[in-house]
Ligand code: ZN
Ligand code: CU
């Protein structure tokens, strides 16, 4: 007796091959058999004749590190068919923490409500595992997190002893199961690192078979220099490189993704293993404080807030930030996505220049007031890329799909903000808008970029394909209707067209919604 039989679907198997019609039988958490016709009994039979059957989607770039602890059902992801998330991205993982970094972490990671009981990555993963999660989790370790734990928010090179301790934390995290070292080189304190430091740490990750994943130093005017730096770190560090959420930011730089993709191709032609991931939108999303230059973040959030409160320093910062913002499209391209303070809440979803007019302040003053009154963190969504570039990157064969979002929910604490729709829509948007409607890529190629390609990238050798013996992570969807419903105005919307999502052989989503199953596993790098 099988657990599940998926009857008669078009199997899009994750390799990029054309679909074929087959039955898929699941038993004991694995795909037991795939055949044109399976004469078998199963506890659950899913009629998939008008449906596509694909491997569960792998989110190659996720920020669910703390959201999975707040709501383990991983709603906004699993409803899209995501069964695995690669967390710890952009240099920022939930661990390792130290007494030095704990206060900032409490602030940025979970808010006051939740207690941080872990320090090491091993301990964090054990917490996640014991609470249960709906999706599989691929751990990585963030360089910014490690630097913060050892050097704090000091804007300086590490001492010899600090460097030794940072390498120790990379090694310890790799031994705990991390599959990558990630960087976020626009975010202090990670951005205080020079290339040499990153190469040295990358070498440690390389010893354990890890890869280097990078939110690069500059995705705007210095995009190509940044790609060169990432490739150099991979080459000198001796490990594969993945360029995170690849794009060109700011109208002056649109079109440069053709040059950056050519650089990736040239590196590959030299034998360097370089790939990229992408989310399918023309808007970015990060903290409003990322507008503030690096030097003003030195010392951490409290020190940064003091600078913003200091009139002359605020004016000096404004003289830098305002022209830089104009160059990236202007204040009206920035939407404020999350505000927690009572008096601020009504501005969620507003453009920054509109808030400024409402308050009778200039936009920079408004940004400062919001950041100060929120105690540092204000979420922003920023329209900064071109549709043409999104399509160019998406069509490239070495680019996989990653949301750059976290698992939110339309209810509870994760539903309070007005977030970027990528949290709910990334995968279904690629399948619906870009594959079916616009033909930017074929459906089978779109599925490959969400399954077989990332599985190979992260060494998930028993996932990402529909094959007997593979872990039974599967999605049954309607290729004719699969679509995003989330919008910038109403982001908390589950998609259309996803019928069943199966994680390790258990149904997590069916046509009635989330089943509550927490069948995800922590996919540690094997020793
Ligand atoms: Zn990033
Ligand atoms: Cu990211």
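Taking the condition outside any loop (DSSP other than H, G, I, E, B), modelled with pLDDT of 95 or more and more than 21 Å from the chain's Cα centre (by Cα), does residue 466 pass?
no
Would a scan of segment 126-141 turn up a residue that is farther than 22 Å from residue 412 by Cβ and within 16 Å of ligand 1 (Cβ to nearest atom)?
There is at least one residue in segment 126-141 that is farther than 22 Å from residue 412 by Cβ and within 16 Å of ligand 1 (Cβ to nearest atom).
Hey, among 45, 82, 53, 26, which residue is modelled with pLDDT of 95 or more and touching a helix residue (DSSP H, G or I) at 6+ places or on another chain (Cβ under 8 Å)?
It is 82.
Might you check whether a residue that is free of Cβ contacts under 8 Å to residues at least 24 places away in the same chain, away from ligand 2 (no atom under 16 Å from the Cβ) and either under 19 Å from the mean Cα position of the chain (by Cα) or more than 28 Å from residue 223 (Cβ to Cβ) (or both) occurs anywhere in segment 367-380?
yes
Go through segment 260-284 and count every residue that is in a loop (DSSP other than H, G, I, E, B), in contact with a helix residue (DSSP H, G or I) (Cβ under 7 Å, 6 or more places away or on another chain) and under 14 Å from residue 230 (Cα atoms).
Here the count works out to 1.
Those residues that are closer than 23 Å to residue 419 by Cα and under 17 Å from the mean Cα position of the chain (by Cα), I need them from segment 381-402; list them, please.
Across segment 381-402, the qualifying residues are 381, 382, 390, 394, 400, 401, 402.
Consider residue 329 against the criteria (1) surrounded by fewer than 19 Cβ atoms within 10 Å (Cβ to Cβ); (2) part of a helix (DSSP H, G or I): it satisfies all of them except one. Which criterion is unmet?
(2)
So which residues in segment 240-252 are over 19 Å from residue 187 (Cβ atoms) and surrounded by fewer than 24 Cβ atoms within 10 Å (Cβ to Cβ), if there are any at all?
Those that are over 19 Å from residue 187 (Cβ atoms) and surrounded by fewer than 24 Cβ atoms within 10 Å (Cβ to Cβ): 240, 251, 252.
Residues that are more than 18 Å from residue 471 (Cα to Cα) and surrounded by 21 or more Cβ atoms within 10 Å (Cβ to Cβ): does segment 9-29 have at least one?
yes
Among the residues of segment 77-112, which ones are away from ligand 2 (no atom under 16 Å from the Cβ) and closer than 25 Å to residue 514 by Cα?
Residues satisfying the conditions are 78, 79, 80, 81, 83, 84, 110.
Which one of 250, 271, 287 is more than 16 Å from ligand 2 (Cβ to nearest atom) and under 28 Å from residue 329 (Cα atoms)?
Every option except 250 fails the conditions.
Looking at 291, 261, 224, which one is surrounded by 19 or more Cβ atoms within 10 Å (Cβ to Cβ) and away from ligand 1 (no atom under 16 Å from the Cβ)?
261
The values are calculated or read from the model by the stated rules, or taken from the named source; none is laboratory data. As the structure is a prediction and not an experimental result, all values here were calculated from the model. Here the Cβ is made from the backbone with ideal geometry for all residues, glycine too, and neighbour counts use every protein chain on show.
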